[in-house]
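To keep things clear, I will list the structure first and then write my remarks on it.
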Amino acid sequence: VFSKIFSHEALESYLPKIQLVIKDTLRAWSSNPEPINVYHEAQKLTFRMAIRVLLGFRIPDEELGRLFEVYQQFVENVFSLPVDLPFSGYRRGIRARETLQKGLEKAIQEKLQNTQGKDYADALDILIESGKEHGKELTMQELKDGTLELIFAAYATTASASTSLIMQLLKHPRVLEKLREELRSKGILHNGCICEGSLRLDNISSLHYLDCVIKEVLRLFTPISGGYRTVLQTFELDGFQIPKGWSVMYSIRDTHDTAPVFKDVDAFDPDRFGQGRSEDKDGRFHYLPFGGGVRTCLGKHLAKLFLKALAIELASTSRFELATRTFPKITLVPVVHPVDGLKVKFFGLDSNQNEILTGTDAMLGATV
């Protein structure tokens, strides 16, 4: 039922809406006179993308902001000890989930009643129709659970990867310029503007260097550390017998760090995935940012599409610089992210790639 949400046709319909959300967000970042906390703002961005694009909810901005705050409280307590006491993280998480589900039920009911003016089928539409095709009329509770699942899947890990992407583009300006060169060579970027109608799914798929950059971000800064599996039959690994029925955890991060196919593993080097090297092609399970096997992440194509759309906008219409003297340290819990969130100043650009000066800078004719 969920698989149709991430089909090629579905991604094609989401793309213009994803671009719009990203453009609006970068415009807001650039208009802020103060540096932004990239990780926190990336969480807002991915949450908005999930609500507006995947679910097609027409929630007013003020209400959306309140829903985001409740959702954050829910996520912060997901891994709490299951001790149901007043003021415990578990109790706060349960209350946040209940509040969320009330808000989601209201949005779902409004969506089911108001089908006018829609120009694309969002993920929730596809989920409902896919359920019917399988002879399954989804209940309101199932719709709320499915909706929360989609938001959760699109939120923390994508915000983590988005922040890592921006940090690496700041650290490696040559990579950013090489991205721009590829966009120009493919006719996507011209005179500082993205050519109208050029960002289609097939065009984005043809951007090989962009694909390498996203792959390298996900190799070096995999958002989550690993995943769990149940042993279907007893097997032996490095002289140890693992019994049938056991739960095992595989480590994505350790796999990427120790896989012999990757050379100079600590270096950010997108060219390792280029045609000349193709380090991810040597072996089945050396590169697995989205897991592996039949339980690989269903939303991996959507996540990569979002990151590519973000990278294109960053390379085309934004100028940004680190607002601190040094880059922040990285913490791995609950997902990979900078300890202080990464402080970055964004500058607005006009159609000629010139910075838009405001206030005192504009009056003085200063160069930012």
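The values are calculated or read from the model by the stated rules, or taken from the named source; none is laboratory data. Since we're looking at a predicted model, the values are computed, not measured. Here the Cβ is made from the backbone with ideal geometry for all residues, glycine too, and neighbour counts use every protein chain on show. What goes into the accessible areas is simple: the full protein's heavy atoms, side chains included, and nothing from ligands, DNA or RNA. Shrake-Rupley method; radii C 1.70, N 1.55, O 1.52, S 1.80 Å.
Which of the residues that make up segment 57-85 are open to solvent by 80 Å² or more (accessible area, probe 1.4 Å) and at pLDDT below 90? Arg58, Phe79 - these are the residues of segment 57-85 that are open to solvent by 80 Å² or more (accessible area, probe 1.4 Å) and at pLDDT below 90. Determine if segment 203-215 includes at least one residue that is at pLDDT below 95, at negative phi and of a type in the set (Asp, Glu). No, segment 203-215 has no match at all.
Can you say whether Gln116 is modelled with pLDDT of 90 or more, open to solvent by 60 Å² or more (accessible area, probe 1.4 Å) and more than 22 Å from Val335 (Cα to Cα), as far as the supplied structure shows? Judged against the criteria, Gln116 is not a match. Looking across segment 293-319, the residues that are open to solvent by less than 20 Å² (accessible area, probe 1.4 Å) and more than 22 Å from Leu150 (Cβ to Cβ) come down to Ala311, Ile312, Glu313, Leu314, Ala315, Ser316, Ser318. Selection of segment 26-42 for residues being open to solvent by less than 20 Å² (accessible area, probe 1.4 Å) and part of a helix (DSSP H, G or I) yields Leu26, Trp29, Val38, Ala42.
Just to be sure, is Ser3 surrounded by fewer than 14 Cβ atoms within 10 Å (Cβ to Cβ) and small (Gly, Ala, Ser)? So Ser3 fits the description; yes.
Within segment 265-286, being open to solvent by 70 Å² or more (accessible area, probe 1.4 Å) and over 21 Å from Ser251 (Cβ atoms) holds for Gln275, Gly276, Arg277, Lys281. Would you confirm, using the coordinates I've provided, whether Thr157 is open to solvent by 40 Å² or more (accessible area, probe 1.4 Å), under 30 Å from Pro270 (Cα atoms) and either assigned to a helix (DSSP H, G or I) or in contact (Cβ under 8 Å) with a residue 60 or more places away in the chain (or both)? So Thr157 passes the test.
For Lys111, the criteria (1) surrounded by fewer than 14 Cβ atoms within 10 Å (Cβ to Cβ); (2) touching a helix residue (DSSP H, G or I) at 6+ places or on another chain (Cβ under 9 Å); (3) of a type outside the set (Ser, Thr, Tyr) hold in every case but one, which is (1).
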